[in-house]
Each structure stands twice: as C-alpha cells, then as structure tokens.
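Readers should treat all values here as calculations from the given coordinates under stated rules, not as data from a laboratory. This one's a predicted model, so the numbers in the text were calculated from it and none came from an experiment. With ideal geometry, Cβ positions are generated from the backbone for all residues, glycine too; neighbour counts draw on all protein chains shown.
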Ligand code: KG4
Ligand code: ZN
C-alpha cells in the first residue's frame with residue numbers, strides 16, 4: 001500500500017442516500033449514488049425504516065457501479081472508509097455492517113468516520129489540500145455548525161451550532177408550506193431566482209446585540225420558519241394570492257444573510273483567511289454568491305464544492321478516509337459501533 005496516494009473506498013448511508021465513492025489521494029475516481037428520496041417525498045421528510053430498507057437493497061449494486069466507474073477491483077483498494085455517525089441509527093448500521101463485511105473478506109483496514117468531517121473533506125477533491133487553519137460552515141438537513149479546522153485528521157473545534165432547526169430543515173419546512181416538494185432546498189433555490197429578496201423582511205435569528213454576546217456563532221431558524229408561516233397565513237386569510245417567488249427569495253436571503261455574516265465574523269475573529277462551506281445547503285446558489293461577495297471584502301477565500309459533492313455521497317467519506325490513511329492514522333477496530341449521535345469533535349472511531 002502506498003501512503004501518499006492511497007486508493008480508498010468510501011461508503012455513506014447515514015440518511016436517504018446510499019453512496020459509494022472511490023478516490024486515489026485527492027483524485028475522485030467514482031461517485032455512485034442511489035437515493036430513496038422519492039419514497040420519502042409523500043411523508044415530507046425521511047422515514048428511517050424506509051431509508052434502512054432502501055440502503056439494504058442499494059448497497060451492493062451501488063458498490064459494483066462505483067468499482068466499474070473507477071475501473072478497479074476490490075483487491076486494488078487500500079482501505080475502506082464508512083460513515084459511523086451521526087445519522088439515522090438503522091441507516092448507518094447497513095453501511096457499517098456492509099463495510100465490515102468487505103473489510104473482513106478482503107482483509108483491508110477499515111475507518112469508521114464522522115459524516116460532518118467528511119462534508120468538509122470532500123472539498124479537497126475539487127480544490128486540492130485545505131489550507132489550515134480554516135473555518136468550516138456545515139449546513140445540512142440535520143446540522144448547522146461553524147467549526148475551526150486546524151487539522152481535519154485530528155478533529156475540529158466547534159464554535160457554534162443551531163439551537164433549534166438546521167438550515168436545511170428550515171428550507172424543507174418552508175418549501176412544504178409553500179406547496180413545494182421535499183427536499184425543499186432545490187425548489188426554493190429555483191423559485192427565488194424569479195423573486196424579490198427585498199420584498200418581505202423576515203427575522204434574522206440570533207443577530208441582536210445581546211445574542212451576539214451569548215450566541216455569537218450560534219444559529220436559530222425556527223423563528224424565521226414561524227414568521228414565514230404567519231406571513232403566508234395572513235395573505236391567505238385576506239384572500240390575496242401568495243407571491244411564492246418573493247416569499248422564497250426573502251426567506252432564502254434571511255438564511256443566507258445570517259449564515260454568511262456569522263461565518264465571516266468567525267474567520268475575522270480568528271484571523272483565518274479560508275472559509276469552506278459544506279453540506280446539502282452549500283448547494284444553494286444564493287449562499288455561494290453572497291459568501292463569495294462578502295468574503296472578498298475581507299480578503300477571505302471561499303471554497304464550496306460543486307452541488308453533487310455538497311449533498312450526501314460516498315466520495316466525501318472516501319476523501320476523509322484518504323486523509324486519515326495519508327496521515328498514518330490507525331484504522332478502527334472491527335468491532336466499532338455505528339453512533340447516531342457521534343460528536344463533531346471525533347473524526348473517526
Ligand atoms: O447534506 P445533506 O444531503 O443531508 C444531510 O446530511 O442532512 O443535506 C440535505 C439538505 C436538505 O434539507 C435539502 O433541502 C438541502 O440540504 N438542500 C438545499 C439545496 N440542495 C439541498 N438547501 C438549499 N438550497 C439548495 N440548493
Ligand atoms: Zn450530510
């Protein structure tokens with residue numbers, strides 16, 4: 001096995017995407033994905049049992065697709081990485097059990113890794129090594145956090161997180177009340193392009209003077225979601241049509257304003273010049289544009305992976321595994337457990 005350019009297979013199954021990715025060093029060779037999102041759409045959110053069963057059905061075919069795409073066999077792989085947490089317990093179990101089976105059968109080392117750290121690591125596949133220290137803004141359906149990354153292979157330092165809904169959750173809930181499909185981020189992003197972001201002033205959670213003392217790097221999106229609901233209800237009661245595009249644009253701007261303001265404040269307060277944004281909400285076009293515009297004023301470089309790498313996938317897990325192998329990190333013991341509440345401070349188990 002070469003330590004500089006390890007060939008690493010990554011397996012992701014923490015939510016509704018079954019992902020198998022293969023990387024060599026920082027080079028992406030395959031990124032195969034199967035999603036059960038359509039099966040959850042009518043429930044307006046991911047149903048854990050449905051997700052687990054879908055992972056069971058999809059894991060082996062997705063693995064074969066990834067190997068074919070990369071033009072390698074299991075025997076060529078140097079190490080296997082798998083999401084150990086956080087995520088849905090039953091869904092994680094499928095990936096972890098599958099990865100352990102592969103590791104046993106092929107006698108390869110296995111790394112149980114943190115899904116959130118993987119959302120940061122994936123950016124290196126597109127933009128090369130991450131300058132450290134960096135600030136990471138992680139925004140997904142389940143998490144919204146600001147982190148300081150000094151060495152991704154050793155851990156991250158949480159600076160702040162949401163105290164209620166995650167950013168993606170707010171997109172999903174607001175989309176639902178506007179009659180848009182699940183997941184709500186992409187349809188809101190599209191509708192907002194034809195709307196006026198200044199038409200409605202929605203609240204910016206935890207940005208008041210007192211909040212900036214106690215919750216400087218924390219987020220809150222639940223009040224924003226309620227404000228959108230009240231605004232839409234008032235419109236409906238008055239018999240006037242709901243300007244969906246304007247609501248979408250104004251809501252999206254409120255989320256992006258708070259996320260980018262706090263992320264740049266974190267960079268400036270720590271004297272850090274690199275901001276990396278990861279997680280499904282990083283696929284948002286307005287977030288990317290606003291972050292780039294605001295960061296440029298302070299000489300901060302913003303790195304956002306392309307949308308397919310922002311949402312859950314196997315390549316991100318392989319990317320983090322590749323970092324760990326290259327750093328000489330010891331593999332996980334084969335009896336490690338999936339941890340649905342795995343803390344951000346743990347990069348691997
Ligand atoms: O990272 P991810 O795929 O799964 C989790 O780990 O949660 O993130 C999914 C979330 C969903 O809430 C989805 O609505 C949101 O990412 N999302 C977006 C966009 N694409 C996906 N939010 C805003 N704008 C988008 N373009
Ligand atoms: Zn995720």
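Hey, what's the Kirkwood Rh for the range 24-68 if you take every pair of different alpha carbons, in angstrom?
Details: mean 1/r = 0.0834 Å⁻¹.
Taking every pair of different Cα atoms in the range 24-68, averaging 1/r and inverting gives 12.0 Å.
For the range 31-147, which semi-axes, largest first and in whole Å, follow from the square roots of 5 times the eigenvalues of its Cα gyration tensor? Let's see the in-between values first.
On the way: eigenvalues 108, 103, 38 Å².
The equivalent ellipsoid of the range 31-147 has semi-axes of 23, 23, 14 Å.
Suppose the chain between residue 89 and residue 104 were pulled fully straight at 0.36 nm per residue; how much longer would it get relative to their current alpha carbon spacing?
Details: separation 15, 0.36 × 15 = 5.40 nm, distance 2.20 nm.
Roughly 3.2 nm would be gained on extension.
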Quick note on 301, 73, 18, ordering by fewest other C-beta atoms within 10 Å, gives 73, 301, 18
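Among 197-207, 303-313, what's the highest-first ranking by average C-beta atoms within 10 angstrom per residue?
Numbers: 197-207: 17.3, 303-313: 21.5.
Top to bottom by mean Cβ count within 10 Å: 303-313, 197-207.
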If one compares the long axis through the Cα atoms of helix 285-296 with the longest principal axis of the Cα atoms of the chain, the angle in degrees, nearest 10, works out at 90 degrees
Dividing the helical contributions, -39500 (n - 2.57) per DSSP H run of n ≥ 4, by the residues of the chain yields a 222 nm value, nearest 500 deg cm²/dmol, of -13500 deg cm²/dmol
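Using alpha-carbon pairs under 8 Å, 6+ residues apart, how would you state the relative contact order of the chain in percent?
Values: 810 pairs, mean separation 93.4, N = 349.
Relative CO of the chain lands at 27 percent.
What order do you get for 144-151, 19-26 when each peptide is scored by the mean count of other beta carbon atoms within 10 Å, highest first? Each step should come with its number before you reach the end.
Details: 144-151: 21.5, 19-26: 26.0.
Final packing ranking: 19-26, 144-151.
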So, with points 7 Å from each Cα along the Cβ direction, the residue 38-residue 213 label distance in nm works out to 5.5 nm
Long-range alpha-carbon pairs in the chain, meaning those over 28 Å apart, account in percent for 41 percent
Helix 48-70 sits off the longest principal axis of the Cα atoms of the chain, rounded to the nearest 10 on a 0 to 90 degree scale, by 60 degrees
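Sort 96, 139 so the one with the fewest other Cβ atoms within 10 Å of its own Cβ comes first. List each step's numbers first, then the result.
Details: 96 25, 139 31.
Ascending number of Cβ neighbours within 10 Å: 96, 139.
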Taking the convex hull of the alpha-carbon atoms of the range 178-239 and averaging its shadow over every direction gives an area in square nanometres of 5.7 nm²
Taking the alpha-carbon centre of each part, the distance from the range 290-349 to the range 206-271 in Å is 26 Å
The range 89-127 and the range 36-62 have their Cα centres apart by a whole-number Å value of 18 Å
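Give me D for the range 214-341 in µm² s⁻¹, whole number, from Stokes-Einstein with Rh from the Kirkwood sum over alpha-carbon pairs, 10 °C and 1.306 mPa s.
Numbers: Rh = 17.9 Å.
It comes out at roughly 89 µm²/s.
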